[in-house]
Amino acid sequence: MTTDSHYLPLINGEFTAFTDETFPAAEAATGKQLATITRSGKAEVNAAVAAAKAAFPAWAATPAAERARLLLKVADWLEENTARLVEIDARDIGRTVFELPQDYRQAIGQYRFFAAAILTHDGWNNVVPGGWAIAKREPYGVVGQIIPWNVPAIMVSFKLAPALAAGNTVVLKPDENASLSTMELGRYLAEIFPPGVVNIVPGFGEEAGAALTAHPDVAKLAFTGSSEVGRIIAHAGAARLVPVSLELGGKSPNIVFPDIEDMDAVVDNTAFAATFCNGQSCLAGTRLFVHDEIYPEFMAKLTDAFQRIQVGSPLDPATRLGCLISEKQGERVMQYVETGKNEANLVTGGQRVEVPGHEAGWFVAPTIFETTNNTRIAQEEIFGPVLSVIRWKDFDTMIHEANDVVYGLASGIYTSNLRNAMRTADRLEAGQVWVNQYVNLVDGSPFGGYKDSGLGREVCKETLDMYTQLKSVMLAEQVPPPFYV
Ligand code: ADP
């Protein structure tokens, strides 16, 4: 795998920094240093925002079709470079080479979707007595975007594609644990976009991130990450009265009815829902509600499915569960596992796994707890391969418990009865409801959370509304008499 030995921020079309301070990009499974990255601070953020501000008028005036053309080039470049970028991510963040190509398919889809969607995202115009009324959509200006580490390619696409399509310029801060593939993409973005349109400031949350959210020339903030930091970003937006969109945590209910036809398929799907992305996904179906009638049989099969999940090197194509992103995350997950052992019934897993040659990696066995909905492991986002299973009997009680968390991002329902699916979907407090499937984010389908899971919707045409503001223009054929005449 080839990467540079050092990556600089992308500011005004150039790779440049005002500091010599760096941080390492380390291979998650081995701890080996892959590259160093400039630790951007206020100076880099200020320069990036100034560049984005200067680039904004020309970019906003660039025809949407031309902006779309460049986004389509980004999609093509990602498609051509997927294999290389997958390896970079697998090493950088410990996700498996089996799973990562899907991240890139999703990311590529986003650039293409917004390239197309912007061409039909008009305001409106109407004939009114004596003239015309026109509603125009205009970009905000400089958008500050901050993303997490779990799915870098997807996060960058969710943020850049709609913001740029709509005519905003961007300063993007990747996560300090997962910057490499974004920095690689930055090299291509620098080639094709006019200077200043896209700027990337790698660095830490409290430094580069805080400087970006506080900057007076940033006209809109977009963030994906924890609900805790989401609140900090929302406060920063409130202080300057700029709009903020947030995609935050989750503790999603996945509900199994007793009438499922193919139990094996449902078992596989619910196991996947809890463990894809090494369990480090805000979407993960981490609370599995299994109906009393099928509980023993379902649990036996689920336990077997969890025990069959192959844990190993992220680079091995047979691996289905790689390692957690960092020691900090590993310790956090293991602390939750210990909490679980005290407050719930451990069914399988519950320990760290050693993978020879990868001793530095935090591999955690796929873990199932039987619990009630009020335990800490059932209420709090763990971000690891840890599933809480809750037995249910009464529909209303189950719905109450499914909704009885602070989050409301995703949910799943497995049933062969349409009425069950419809009445459950109606009552779940979640932005996403999947029926007889999980984690299916189709380009164009709204994605975002209820309650503490966020504000705003991504992936869809309405996202362009988030990145534009409406201006009402009234045109008169001739100057009318004033109202009071
Ligand atoms: P996670 O729990 O997924 O690590 P975080 O919410 O901690 O998510 O971090 C997500 C992103 O927010 C990262 O890019 C991180 O650097 C950034 N971040 C963390 N703290 C702040 C802050 N105080 N201000 C701005 N950005 C922050």
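The values are calculated or read from the model by the stated rules, or taken from the named source; none is laboratory data. Nothing here was measured: the structure is a model prediction, and the numbers come from that model. Every residue, glycine among them, receives a Cβ derived from its backbone with ideal geometry; neighbour counts consider all protein chains shown. Surface areas here come from the heavy atoms of the whole protein model, side chains and all, with no ligands, DNA or RNA. Shrake-Rupley method; radii C 1.70, N 1.55, O 1.52, S 1.80 Å.
Only residues that are farther than 28 Å from residue 230 by Cβ, open to solvent by less than 30 Å² (accessible area, probe 1.4 Å) and among the small types (Gly, Ala, Ser) were counted across segment 389-419, and they come to 0. Number of residues in segment 186-204 that are among the small types (Gly, Ala, Ser) and either out of contact with any helix residue (DSSP H, G or I) (no Cβ under 8 Å at 6 or more places or on another chain) or surrounded by fewer than 19 Cβ atoms within 10 Å (Cβ to Cβ) (or both): the value is 2.
Evaluate the following for residue 62: is it over 25 Å from the mean Cα position of the chain (by Cα) and among the hydroxyl-bearing types (Ser, Thr, Tyr)? Yes, satisfied. Residue check: is residue 429 open to solvent by 70 Å² or more (accessible area, probe 1.4 Å), outside the structural domain of residue 227 (by TED's automatic domain parsing) and under 19 Å from residue 283 (Cα atoms)? Yes; evaluated as a whole, the condition is true for this residue. Number of residues in segment 351-389 that are touching a Leu at 6+ places or on another chain (Cβ under 7 Å) and over 13 Å from residue 337 (Cβ atoms) equals 1. For beta carbons closer than 7 Å, sequence separation of 6+ or different chains, a first residue in segment 32-56 that is touching a residue at least 24 places away in the same chain (Cβ under 8 Å) and a second that is among the basic types (Lys, Arg), the qualifying pairs are 34/91. Filtering segment 228-263 to residues that are of a type outside the set (A, V, I, L, M, F, W, C) and open to solvent by less than 20 Å² (accessible area, probe 1.4 Å) leaves 230, 237, 245, 247, 249, 250, 251, 252, 253, 254.
Quick check on residue 59: is it at pLDDT 95 or above and either open to solvent by 30 Å² or more (accessible area, probe 1.4 Å) or outside the structural domain of residue 216 (by TED's automatic domain parsing) (or both)? Judged against the criteria, residue 59 is not a match. Of everything in segment 9-25 that is in contact (Cβ under 8 Å) with a residue 60 or more places away in the chain and surrounded by fewer than 22 Cβ atoms within 10 Å (Cβ to Cβ), the residue that is nearest to residue 354 (Cα to Cα) is 23.
Criterion applied to 458, 429, 462 was being farther than 24 Å from residue 404 by Cα and in contact with a Gly (Cβ under 7 Å, 6 or more places away or on another chain), and the one residue passing it is 458. Cβ-Cβ contacts under 8 Å between residues 6 or more apart (or on different chains), taken from a first residue in segment 201-230 that is touching a residue at least 60 places away in the same chain (Cβ under 8 Å) to a second residue that is among the hydroxyl-bearing types (Ser, Thr, Tyr) and open to solvent by 20 Å² or more (accessible area, probe 1.4 Å), are listed as 219/140; 220/140; 227/407.
Among the residues making up segment 342-358, those that are open to solvent by 30 Å² or more (accessible area, probe 1.4 Å) and either assigned to a strand (DSSP E or B) or touching a residue at least 24 places away in the same chain (Cβ under 8 Å) (or both) are 343, 345, 346, 347, 352, 353, 357, 358.
Listed here are the helices (runs of 4 or more DSSP H) enclosed by segment 68-174 that have at least 3 residues being within 16 Å of the ligand (Cβ to nearest atom), open to solvent by less than 10 Å² (accessible area, probe 1.4 Å) and in the same structural domain as residue 460 (by TED's automatic domain parsing): 82-93, 152-165. I'd like to know if segment 308-323 contains one or more residues that are buried (at least 18 other Cβ atoms within 10 Å of the Cβ), outside any loop (DSSP other than H, G, I, E, B) and either over 26 Å from the mean Cα position of the chain (by Cα) or aromatic (Phe, Trp, Tyr) (or both). Looking through segment 308-323, none of the residues is buried (at least 18 other Cβ atoms within 10 Å of the Cβ), outside any loop (DSSP other than H, G, I, E, B) and either over 26 Å from the mean Cα position of the chain (by Cα) or aromatic (Phe, Trp, Tyr) (or both).
Here residue 190 meets the list (1) within 10 Å of the ligand (Cβ to nearest atom); (2) over 21 Å from the mean Cα position of the chain (by Cα); (3) within 29 Å of residue 27 (Cβ to Cβ) almost entirely, failing just condition (1).
Is it the case that some residue within segment 432-447 is in contact with a helix residue (DSSP H, G or I) (Cβ under 9 Å, 6 or more places away or on another chain) and open to solvent by less than 10 Å² (accessible area, probe 1.4 Å)? Looking for residues that are in contact with a helix residue (DSSP H, G or I) (Cβ under 9 Å, 6 or more places away or on another chain) and open to solvent by less than 10 Å² (accessible area, probe 1.4 Å), one finds at least one in segment 432-447, hence yes. Counting the residues of segment 268-307 that are open to solvent by 50 Å² or more (accessible area, probe 1.4 Å) and more than 26 Å from residue 409 (Cα to Cα) gives 7.
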